[in-house]
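As structure tokens, the structure follows; a few thoughts come after it.
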């Protein structure tokens, strides 16, 4: 007799009585290089974002710069982990951020946002807006961070997110118009395998319900732990076009790049998302491959390179 699938066991996490999560899987981590390190293609440093919220950022820049030379685009990055796990200090993510900064030739600001269920949505969107405001403030301040003020070009600022991070990038972009003083004007938004959902199952979700990487019970658990208590899967944080208000705000995205793979249970939602953006006048580029699975760029270098090339072309 087959045992019942346990998404907690699959993820190696345990829900505590107080609503917090014990995360048993610990990934290797890497420190930042510091500002004056030698022998590195990319320099990185850690900066506090909000001490009360315990949020912070790791900023990356190419070590060798053309002087004098043009300022570099700024990419604000939101990591994957499906709301409940991973850190920008994880070696896997740290190495990827190094590569983006080096090969795109950009200042990359990776955001350590708060995790669910200890902090449910929209906490992660709030953290994203804090990061955007921080970049804006450094660029305009006489004593601002020199990597942003002297090296980065705030007029070429991009939001880039992967999986749940793409959901964060999208929802943060929608709220930029609310910021006072005004936020930076986005040059574009990059959504890599964006994590959206809804109450009604799509064909790809049903077809790939037992996907080994992203099965439906695991997706259901992620949303159960991340959404506001009592919210269903047609909440606007999960299903991006259920409320009319979001339909007008999509113009805040700037140019938009959406990346997806045919073996991802979310592929139908991602392709519908692109179509909705087109209908609302967004300049969007959908780059979908028939093969591949959710998170393939985390495990296969070939696809990580392919996505990096798409980002280079877009930026």
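The values are calculated or read from the model by the stated rules, or taken from the named source; none is laboratory data. Computed from a predicted structure; not experimentally measured. Neighbour counts run over all protein chains shown; Cβ positions are idealised from the backbone, glycine included.
For region 38-60, how many residues are loosely packed, with under 14 Cβ neighbours inside 10 Å and in contact with a strand residue (DSSP E or B) (Cβ under 6 Å, 6 or more places away or on another chain)?
Going through region 38-60 one residue at a time, the tally reaches 1.
Residue check, residue 231 against (1) in contact (Cβ under 8 Å) with a residue 24 or more places away in the chain; (2) surrounded by fewer than 21 Cβ atoms within 10 Å (Cβ to Cβ); (3) out of contact with any helix residue (DSSP H, G or I) (no Cβ under 7 Å at 6 or more places or on another chain); (4) closer than 22 Å to residue 126 by Cβ, all met but one. Which one?
(1)
On the basis of being over 19 Å from the mean Cα position of the chain (by Cα) and crowded, with 18+ Cβ neighbours inside 10 Å, does residue 68 make the cut? First the steps, then the outcome.
Details: over 19 Å from the mean Cα position of the chain (by Cα): yes; crowded, with 18+ Cβ neighbours inside 10 Å: no.
In short, no.
So, of the residues in region 132-149 that are farther than 11 Å from residue 184 by Cα and touching a residue at least 12 places away in the same chain (Cβ under 8 Å), which turns out to be surrounded by the most Cβ atoms within 10 Å (Cβ to Cβ)?
Only one residue fits best here, namely 148.
Residues to consider are 63, 128, 106; find the one that is touching a residue at least 12 places away in the same chain (Cβ under 8 Å) and either over 25 Å from residue 253 (Cβ atoms) or surrounded by fewer than 16 Cβ atoms within 10 Å (Cβ to Cβ) (or both).
Values: 128 fails: either over 25 Å from residue 253 (Cβ atoms) or surrounded by fewer than 16 Cβ atoms within 10 Å (Cβ to Cβ) (or both); 106 fails: either over 25 Å from residue 253 (Cβ atoms) or surrounded by fewer than 16 Cβ atoms within 10 Å (Cβ to Cβ) (or both).
Result: 63 is the single residue among 63, 128, 106 that is touching a residue at least 12 places away in the same chain (Cβ under 8 Å) and either over 25 Å from residue 253 (Cβ atoms) or surrounded by fewer than 16 Cβ atoms within 10 Å (Cβ to Cβ) (or both).
If you check residue 291 against the conditions, is it in contact with a helix residue (DSSP H, G or I) (Cβ under 8 Å, 6 or more places away or on another chain) and touching a residue at least 12 places away in the same chain (Cβ under 8 Å)? It would help to see each step written out before you state the result.
Details: in contact with a helix residue (DSSP H, G or I) (Cβ under 8 Å, 6 or more places away or on another chain): no; touching a residue at least 12 places away in the same chain (Cβ under 8 Å): yes.
In short, no.
State the number of residues belonging to region 257-286 that are within 24 Å of residue 86 (Cβ to Cβ) and in contact with a strand residue (DSSP E or B) (Cβ under 8 Å, 6 or more places away or on another chain).
Residues of region 257-286 within 24 Å of residue 86 (Cβ to Cβ): 257-261, 263-267, 269-270, 273.
Add one more test, that the residue is in contact with a strand residue (DSSP E or B) (Cβ under 8 Å, 6 or more places away or on another chain), and what stays is 257-261, 266-267, 270, 273.
Within region 257-286, residues that are within 24 Å of residue 86 (Cβ to Cβ) and in contact with a strand residue (DSSP E or B) (Cβ under 8 Å, 6 or more places away or on another chain) number 9.
Just checking, which of 100, 76 is in a helix (DSSP H, G or I) and in contact with a strand residue (DSSP E or B) (Cβ under 7 Å, 6 or more places away or on another chain)? If you could, list the steps in order and put the result at the bottom.
Working: 76 fails: in a helix (DSSP H, G or I).
Being in a helix (DSSP H, G or I) and in contact with a strand residue (DSSP E or B) (Cβ under 7 Å, 6 or more places away or on another chain) holds for just one of 100, 76, which is 100.
Kindly provide the set of residues from region 288-305 that are part of a loop (DSSP other than H, G, I, E, B) and touching a strand residue (DSSP E or B) at 6+ places or on another chain (Cβ under 9 Å), ordered by number. Steps first, please.
Start the filter on region 288-305 by keeping residues that are part of a loop (DSSP other than H, G, I, E, B), which leaves 290-295, 299-300.
Across region 288-305, the qualifying residues are 290, 291, 292, 293, 294, 295.
Against the conditions (1) part of a loop (DSSP other than H, G, I, E, B); (2) within 20 Å of the chain's Cα centre (by Cα); (3) closer than 17 Å to residue 83 by Cβ, where does residue 232 fall short? Just the number, please.
(2)
Any idea how many residues of region 106-125 are under 23 Å from residue 183 (Cα atoms) and either modelled with pLDDT under 95 or in contact with a helix residue (DSSP H, G or I) (Cβ under 9 Å, 6 or more places away or on another chain) (or both)? Lay out the reasoning, then the answer.
Of all residues in region 106-125, those under 23 Å from residue 183 (Cα atoms) come to 106-114, 121-125.
Restricting the remaining residues to those that are either modelled with pLDDT under 95 or in contact with a helix residue (DSSP H, G or I) (Cβ under 9 Å, 6 or more places away or on another chain) (or both) gives 106-114, 121-122, 124-125.
Looking only at that region, the number is 13.
Filter region 265-282 down to residues that are surrounded by 17 or more Cβ atoms within 10 Å (Cβ to Cβ) and assigned to a loop (DSSP other than H, G, I, E, B) and give me whichever is modelled with the lowest pLDDT.
282
Anything in region 161-191 that is surrounded by fewer than 23 Cβ atoms within 10 Å (Cβ to Cβ) and within 19 Å of residue 80 (Cβ to Cβ)? List them, or say none.
171
Which of the following residues is in contact with a strand residue (DSSP E or B) (Cβ under 9 Å, 6 or more places away or on another chain), farther than 11 Å from residue 75 by Cα, at pLDDT below 95 and not in a strand (DSSP E or B): 128, 177, 139?
On the way: 128 fails: at pLDDT below 95; 177 fails: in contact with a strand residue (DSSP E or B) (Cβ under 9 Å, 6 or more places away or on another chain).
Result: 139 is the single residue among 128, 177, 139 that is in contact with a strand residue (DSSP E or B) (Cβ under 9 Å, 6 or more places away or on another chain), farther than 11 Å from residue 75 by Cα, at pLDDT below 95 and not in a strand (DSSP E or B).
I'm trying to understand the selection: among the residues of region 20-37, which are modelled with pLDDT under 95, farther than 19 Å from residue 95 by Cβ and surrounded by 12 or more Cβ atoms within 10 Å (Cβ to Cβ)?
35
Just to verify a result, which residue in region 234-264, among those that are crowded, with 21+ Cβ neighbours inside 10 Å and modelled with pLDDT under 95, is nearest to residue 311 (Cα to Cα)?
253
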